[in-house]
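Asks: I am attaching a structure below and will ask some questions about it afterwards.
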Amino acid sequence: MKAVRIHQPGGSDGLVFEDAPVPSPATGEVVVRVHAAGFVPDELDWPGTWVDRAGRDRTPSIPAHDVAGVVTDVRYGTAGLAVGDRVFGLGDWHRDGAAAEYIAVEARNLALMPESLTYTEAAALPLSGLTCWQGLFVHGGLESGQTVVVHGGGGGTGALAVQLARQAGAQVIATGRGRAAGLAIEMGAHTFVDLERQRFEDAVEPVDLVFDTIGGDLLARSAGRVKPGGALVSITAPPPVEPEGGRAVFFIVEPNRDQLAELAKRAESGGLRNHVGAVYPLARTREAFQAKRNGLPGKVVLEI
Ligand SMILES: NC(=O)c1ccc[n+]([C@@H]2O[C@H](COP(=O)([O-])OP(=O)(O)OC[C@H]3O[C@@H](n4cnc5c(N)ncnc54)[C@H](OP(=O)(O)O)[C@@H]3O)[C@@H](O)[C@H]2O)c1
């Protein structure tokens with residue numbers, strides 16, 4: 001099959017479009033003919049790109065772990081999925097990804113695709129959607145009537161978090177650069193704090209949850225704006241300061257079929273909008289990584 005692979009660390013310049021063996025599925029897995037794939041620009045720096053779960057070298061490796069496509073082969077232990085199903089989901093970071101014609105994935109990491117979505121739209125959803133779901137509700141414990149700050153509320157992850165938090169009945173304060181204000185408000189934020197003009201702690205009273213997608217100094221300063229009993233949840237790095245009387249959480253998103261199915265339902269009904277910033281063919285994956293690293297807004301999707 002055709003695939004994009006990387007043979008050694010050194011950034012996206014090392015991504016090559018070449019022939020690779022078609023993956024064979026193990027028990028509990030299916031093979032998906034990939035139609036669209038999504039990636040995280042920094043994933044080439046993550047350990048999972050280079051070693052398997054036992055720490056063994058797994059190069060050359062295929063990036064891009066968001067997948068949307070059609071099931072072409074099933075093994076035992078894949079109940080709920082059949083050959084011909086349109087599926088989407090998130091692959092294992094320590095295994096080959098979806099920048100290829102085929103991927104072998106654990107069936108439990110996939111859900112049926114919403115009928116009304118294209119493969120490209122579906123491939124943009126798993127990583128960002130699951131990250132927000134787990135950040136807000138699993139780790140953050142967000143409930144109706146509470147107040148949440150979403151740092152980076154106009155970003156690929158943040159804009160989805162704003163929508164999910166609003167739908168959950170929360171009061172939503174988004175932050176970011178001024179140019180993100182329009183999008184964050186359109187996605188459902190009640191207010192927006194322009195971090196280029198204002199320190200967020202001067203604009204915000206202590207809240208139940210801070211969900212941070214920006215990190216750095218802002219993450220450290222956010223602990224002081226969490227109510228006792230509340231939480232500071234980060235997806236960029238462990239918070240260096242704990243909120244007084246509250247929790248500090250850093251997590252890496254995990255695949256989850258039930259949560260994917262819930263996201264699919266909302267996307268189907270138009271209740272969840274995801275911004276696809278650009279689409280590249282598989283052969284131009286290297287350019288796609290570079291474009292995203294150079295600040296192209298929204299999710300960048302590969303079409304296979
Ligand atoms: N732990 C996990 O499981 C997990 C999962 C997904 C993503 N992530 C990580 O989360 C981070 C965000 O991912 P993403 O895909 O949402 O990125 P993104 O689409 O680039 O969104 C980040 C948002 O934050 C804004 N921002 C960044 N720095 C800022 C600053 N100093 N001041 C104000 N606004 C700022 C960006 O604005 P500009 O575009 O204007 O800079 C953008 O709107 C990345 O580091 C990614 O690796 C982690």
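Asks: Which members of segment 268-282 meet the condition of being touching a Leu at 6+ places or on another chain (Cβ under 7 Å), touching a residue at least 24 places away in the same chain (Cβ under 8 Å) and open to solvent by less than 30 Å² (accessible area, probe 1.4 Å)?
Replies: Matches in segment 268-282: L272, L282.
Asks: To continue, here is another question. Looking at G224, G229, which one is in a helix (DSSP H, G or I), farther than 28 Å from L90 by Cα and away from the ligand (no atom under 15 Å from the Cβ)?
Replies: G224
Asks: When both residues are 6+ apart or on different chains and their Cβ atoms are under 6 Å apart, which pairs have a first residue that lies in segment 215-229 and is farther than 16 Å from L195 by Cβ and modelled with pLDDT of 95 or more, and a second that is open to solvent by less than 50 Å² (accessible area, probe 1.4 Å) and within 16 Å of the ligand (Cβ to nearest atom)?
Replies: Correct list of pairs: A223/L232; V226/V210; V226/L232.
Asks: Looking at (1) among the polar types (S, T, N, Q); (2) away from the ligand (no atom under 15 Å from the Cβ); (3) open to solvent by 50 Å² or more (accessible area, probe 1.4 Å), find the lone condition where Q290 falls short.
Replies: (2)
Asks: Same structure, new question: Take residues that are under 17 Å from N274 (Cβ atoms) and tell me which of the strands (runs of 3 or more DSSP E) falling wholly in segment 12-124 contain 1 or more.
Replies: Once the strands (runs of 3 or more DSSP E) in segment 12-124 are filtered for at least 1 residues that are under 17 Å from N274 (Cβ atoms), what remains is 29-38, 66-74, 86-90, 110-112.
Asks: Here is a list of conditions, (1) surrounded by fewer than 16 Cβ atoms within 10 Å (Cβ to Cβ); (2) touching a strand residue (DSSP E or B) at 6+ places or on another chain (Cβ under 8 Å); (3) among the β-branched types (V, I, T), and T236 meets all of them except one; can you say which number that is?
Replies: Unmet for T236, out of (1) surrounded by fewer than 16 Cβ atoms within 10 Å (Cβ to Cβ); (2) touching a strand residue (DSSP E or B) at 6+ places or on another chain (Cβ under 8 Å); (3) among the β-branched types (V, I, T): (1).
Asks: Just name the residue that is nearest to C132 (Cα to Cα) out of those in segment 149-189 that are in contact with a Lys or Arg (Cβ under 8 Å, 6 or more places away or on another chain) and in a loop (DSSP other than H, G, I, E, B).
Replies: Within segment 149-189, the match that is nearest to C132 (Cα to Cα) is G156.
Asks: Related question: Select from segment 81-119 the residues that are touching a residue at least 40 places away in the same chain (Cβ under 8 Å), open to solvent by 10 Å² or more (accessible area, probe 1.4 Å) and over 27 Å from F289 (Cα atoms) and list them in ascending order.
Replies: L81, R108, L112, E115, S116, listed by residue number.
Asks: Moving on to the next point. Which numbered condition trips up A291, out of (1) more than 15 Å from the chain's Cα centre (by Cα); (2) modelled with pLDDT of 95 or more; (3) outside the structural domain of G176 (by TED's automatic domain parsing)?
Replies: All conditions pass for A291, except number (2).
The values are calculated or read from the model by the stated rules, or taken from the named source; none is laboratory data. In this text the structure is predicted, and so the values were computed from the model without any measurement. We place every Cβ from the backbone using ideal geometry, glycine too, and count neighbours over all the protein chains shown. What goes into the accessible areas is simple: the full protein's heavy atoms, side chains included, and nothing from ligands, DNA or RNA. Shrake-Rupley method; radii C 1.70, N 1.55, O 1.52, S 1.80 Å.
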